[in-house]
1. Could you tell me whether Thr74 is in contact (Cβ under 8 Å) with a residue 24 or more places away in the chain, under 17 Å from Leu123 (Cβ atoms), part of a helix (DSSP H, G or I) and of a type in the set (S, T, N, Q)?
2. Going residue by residue through region 105-115, is there one that turns out to be surrounded by fewer than 19 Cβ atoms within 10 Å (Cβ to Cβ), modelled with pLDDT under 95 and among the hydroxyl-bearing types (Ser, Thr, Tyr)?
3. Could you tell me whether any residue of region 95-104 is hydrophobic (A, V, I, L, M, F, W, C) and surrounded by 21 or more Cβ atoms within 10 Å (Cβ to Cβ)?
4. How many residues, within region 87-112, are more than 22 Å from Val20 (Cα to Cα), part of a helix (DSSP H, G or I) and hydrophobic (A, V, I, L, M, F, W, C)?
5. What tally of residues in region 26-51 results from selecting those that are outside any loop (DSSP other than H, G, I, E, B), surrounded by fewer than 21 Cβ atoms within 10 Å (Cβ to Cβ) and in contact (Cβ under 8 Å) with a residue 12 or more places away in the chain?
6. In this structure, does Ala153 turn out to be at pLDDT below 95 and surrounded by 22 or more Cβ atoms within 10 Å (Cβ to Cβ)?
7. Looking only at residues in region 167-201 that are free of Cβ contacts under 8 Å to residues at least 40 places away in the same chain and within 15 Å of the chain's Cα centre (by Cα), which one is surrounded by the fewest Cβ atoms within 10 Å (Cβ to Cβ)?
8. crowded, with 18+ Cβ neighbours inside 10 Å, of a type in the set (A, V, I, L, M, F, W, C) and in a loop (DSSP other than H, G, I, E, B), is that true of Val81?
Amino acid sequence: MSDARVFLVTGPTGDMGGAVTARLAASGHRLMLAARNEARLKEIAESVDAADRIATVVADTTEPLRARQAVSETIDRFGRVDGLIHLVGGFHIGPVMLTDLDAYQRMYRANVLSAVAATQAVLPQLEEGGHLIFLSSVLATEPFPGFGAYAAAKAALQAWVKSLSHEVKGRGVHAHTVVMTMADTERAREQRPHMNFEQATKPSAVADVIDFLVGPGADGMYGATVPVLGKLEFTTTLMSAPPGAPRLDRL
């Protein structure tokens, strides 16, 4: 496949990993999956019917040295690297008065510094263009009570990616952020049986958007922030219809 590329995928053992790996592999891309959980890495790789296009490396890519080693292993295995699909992240919820500084530092490390380390490892190899994809949350711009540490970290990530895009687009490197809400996964449904997951983000939808962003159809896009929010709705009593007016959901 002429448009097939080689990507380092960091954090594929999380909620998005399986769907993203399967979709990119189906498009003919070759992937080096890098994470700390060796058993889960093997499980994801074996679940994809593309053994010749998938390799794994056990590495904590939030550490700069290990991120560079993962890039080296990608090049050793596939001959080059054309970009980064960064799925690493962390989550925390708690009110300001009950959230210590360590939680803020963990969120910043997991959501921002992890992206910096992985990008700094991959970027020197992208001499003829490439793709850098990151995941963020709708909470970065619409934070709910109790999500301050997490939302602030994701907002910082989005600002960083915007700046990064301006730095690298001149050399043909596309840096994008995919914004999502809670993932609709089996684990999430088990943990939150009371929730309406019709408003959650489908991992397959995120995977499809990432596949598009690294494909030729998105060649004219640089620094995009792409929302993949499913049917998420923000509701407020201020939107109630006046007395006697028809309800919006009945129009």
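The values are calculated or read from the model by the stated rules, or taken from the named source; none is laboratory data. All of these numbers come straight from a predicted model, not from anything done at the bench. Here Cβ is always computed from backbone atoms with ideal geometry, including for glycine, and neighbour counts include all displayed protein chains.
1. Judged against the criteria, Thr74 is a match.
2. no
3. Checked region 95-104: no residue is hydrophobic (A, V, I, L, M, F, W, C) and surrounded by 21 or more Cβ atoms within 10 Å (Cβ to Cβ).
4. 6
5. 6
6. no
7. Across region 167-201, the extreme among qualifying residues is Met182.
8. yes
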